[in-house]
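Report on one structure; see the data block that follows.
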Amino acid sequence: MQRRLLITGGAGFIGSNFVHHWCETYPSDRVVVLDALTYAGNRATLNDLDSHDNFRFVQGDICDRPMVDQLLAEEQINTVAHFAAESHVDRSILGPDAFIRTNVVGTFTLLEAFRHHWTGRGQLESDRFLHVSTDEVYGSLEADDPAFSETTPYAPNSPYSASKAGSDHLARAYFHTYGMPTLVTNCSNNYGPYHFPEKLIPLMCINILLGKPLPVYGDGQNIRDWLYVKDHCTALDVVIHKGQTGETYNVGGNNEVKNIDLVHMLCDLMDDLAPNLPVRPSRQLITFVKDRAGHDRRYAIDANKIKTQLGWTPSVTVDEGLRQTIEWFLSHEEWWQPLLSEDYQAYYQKVYA
Ligand code: NAD
Ligand code: TYD
């Protein structure tokens, strides 16, 4: 069967990796990207796909119901992969409004639009609505707690994670109430190509290249569970093709690392791979700064369900993935340099001044 996908947020970090993955793996499927091109969206990331026959980019807002209705109908969409979101915890602390609007109202708008479209199509069982979410909905773990499983109660702590939790509940409710074929994935922290440089890994890489301080929040002992973005894409692919509707799947690489250890790894890899660093060794640039408000201590994912039920496993270790990511940033300065705009500098001042 030909999948006809609407990929929301396809010009962002994970969405664009997923669009590339899908177009390369299934060239005869239709791929329509809907993205508002906020500060986090970058049209240039998808430029190489403009010559692909089955690819179309539409700039638009997921909250715009008439536009979404029209797109679903004219493209005869049978699969939605929903990535569009406000995704940065620090921005959600500075201004939560956009998070509620896009993550909650936007997801609701898409679910409603797809419900009417799916009903009009005869409620086909093969249709899919994949809602891409985060492990942050489960809250924070203590050092000895077991990793998050699909049955861990939700306990979001930031406006970002609370808004994602709300959208997860809506996706679940549309399956239980209307029988709509929704699926939810909750993934740990991603890293890799096309990562916007205000998140930890790209920010550190670029600051090392520029010889700027490396701001580590608090004591640097917070733990994140890192997954290479291309492995996340293969997990989402398997969930669309083999997942059971109404289910949620946790996705993670079993790579728990303390922030300070991760920054050390990045510094050492950069010292190895980057020829002309302004400051070497890069570890000299590490600066401990004021902690993030409500900073979750530890995230860890138990990905046993997707492994045993759907046969997915990650392909890349964190060492290999970080090396590939650094090599990508070193060879794609033309991608990240324009992102360090006045807006970016203003944001940076607000968070780090
Ligand atoms: P991102 O911020 O890089 O990209 C978000 C994209 O959504 C951007 O292209 C932006 O322009 C678009 N967008 C924002 N508001 C929109 C709107 N109203 N209408 C249409 N498009 C809009 O985010 P990301 O890191 O790629 O995350 C994608 C999804 O994966 C999010 O739902 C996020 O919660 C989830 N997730 C992210 C991570 C991570 O580590 N980055 C981990 C797990 C889950
Ligand atoms: P981030 O990439 O923002 O992802 P999330 O908050 O969704 O986990 O941050 C990852 C971790 O790195 C998190 O514990 C906060 C920390 N961090 C810093 O120490 N310094 C920074 O400049 C940034 C952006 C994050």
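The values are calculated or read from the model by the stated rules, or taken from the named source; none is laboratory data. In this text the structure is predicted, and so the values were computed from the model without any measurement. Cβ: placed from backbone, ideal geometry, glycine included. Neighbour counts: every protein chain shown.
When the residues of the range 1-14 are filtered to those that are touching an Asp or Glu at 6+ places or on another chain (Cβ under 8 Å) and either more than 16 Å from ligand 2 (Cβ to nearest atom) or among the hydrophobic types (A, V, I, L, M, F, W, C) (or both), which remaining residue is farthest from residue 134 (Cα to Cα)? Spell out how you get there, then give the answer.
Keep residues of the range 1-14 that are touching an Asp or Glu at 6+ places or on another chain (Cβ under 8 Å), which gives 2-6, 8-12.
From what's left, either more than 16 Å from ligand 2 (Cβ to nearest atom) or among the hydrophobic types (A, V, I, L, M, F, W, C) (or both): 2-6, 8, 10-11.
Numbers: 2: 28, 3: 25, 4: 25, 5: 21, 6: 20, 8: 16, 10: 17, 11: 18 Å.
My answer is 2.
Could you say which residue among 132, 137 is touching a Lys or Arg at 6+ places or on another chain (Cβ under 8 Å) and not in a loop (DSSP other than H, G, I, E, B)? Break it down stepwise before answering.
Details: 132 fails: touching a Lys or Arg at 6+ places or on another chain (Cβ under 8 Å).
None of the other options fit; the residue is 137.
Just checking, which of 156, 146, 215 is touching a helix residue (DSSP H, G or I) at 6+ places or on another chain (Cβ under 8 Å), surrounded by fewer than 20 Cβ atoms within 10 Å (Cβ to Cβ) and at negative phi?
Working: 156 fails: surrounded by fewer than 20 Cβ atoms within 10 Å (Cβ to Cβ); 146 fails: touching a helix residue (DSSP H, G or I) at 6+ places or on another chain (Cβ under 8 Å).
Residue meeting the stated conditions: 215.
Pairs please, first residue from the range 209-237 and under 13 Å from residue 262 (Cβ atoms) and more than 10 Å from ligand 2 (Cβ to nearest atom), second anywhere and among the hydrophobic types (A, V, I, L, M, F, W, C) and part of a loop (DSSP other than H, G, I, E, B), Cβ atoms under 7 Å, 6+ apart in sequence or on different chains.
Cβ pairs passing all conditions: none.
Within the range 137-171, which residues are among the hydrophobic types (A, V, I, L, M, F, W, C), more than 12 Å from ligand 1 (Cβ to nearest atom) and under 17 Å from residue 183 (Cα atoms)?
Residue satisfying the conditions is 170 alone.
Considering 287, 317, 313, 325, which residue is among the β-branched types (Val, Ile, Thr) and free of Cβ contacts under 8 Å to residues at least 60 places away in the same chain? Write out each step before concluding.
On the way: 287 fails: free of Cβ contacts under 8 Å to residues at least 60 places away in the same chain; 317 fails: free of Cβ contacts under 8 Å to residues at least 60 places away in the same chain; 325 fails: free of Cβ contacts under 8 Å to residues at least 60 places away in the same chain.
It is 313.
Only residues that are more than 16 Å from ligand 2 (Cβ to nearest atom) and β-branched (Val, Ile, Thr): list them for the range 133-185, please.
151, 152, 177, 182, 184
Among the residues of the range 177-235, write down those that are touching a Pro at 6+ places or on another chain (Cβ under 8 Å), of a type outside the set (A, V, I, L, M, F, W, C) and either farther than 24 Å from residue 150 by Cβ or more than 15 Å from ligand 1 (Cβ to nearest atom) (or both).
195, 207, 211
Conditions first: (1) touching a residue at least 60 places away in the same chain (Cβ under 8 Å); (2) of a type outside the set (Gly, Ala, Ser); (3) within 16 Å of ligand 2 (Cβ to nearest atom); (4) touching a strand residue (DSSP E or B) at 6+ places or on another chain (Cβ under 9 Å). Residue 90 passes all but one, so which condition is the exception?
Only one criterion is unmet by residue 90, namely (4).
Check off (1) in a helix (DSSP H, G or I); (2) out of contact with any Phe, Trp or Tyr (no Cβ under 9 Å at 6 or more places or on another chain) for residue 119 and give me the number that stays unchecked.
(2)
Looking at (1) surrounded by fewer than 23 Cβ atoms within 10 Å (Cβ to Cβ); (2) modelled with pLDDT of 95 or more; (3) part of a loop (DSSP other than H, G, I, E, B), can you tell me which one residue 62 breaks?
Answer for residue 62: the failing condition is (1).
How do the helices (runs of 4 or more DSSP H) wholly within the range 260-353 filter down when requiring 1 or more residues that are touching a strand residue (DSSP E or B) at 6+ places or on another chain (Cβ under 9 Å) and closer than 21 Å to residue 206 by Cβ: which remain? Break it down into steps so the answer makes sense when it comes.
Details: elements: 304-310, 318-331, 333-336, 342-352.
It comes to 318-331, 342-352.
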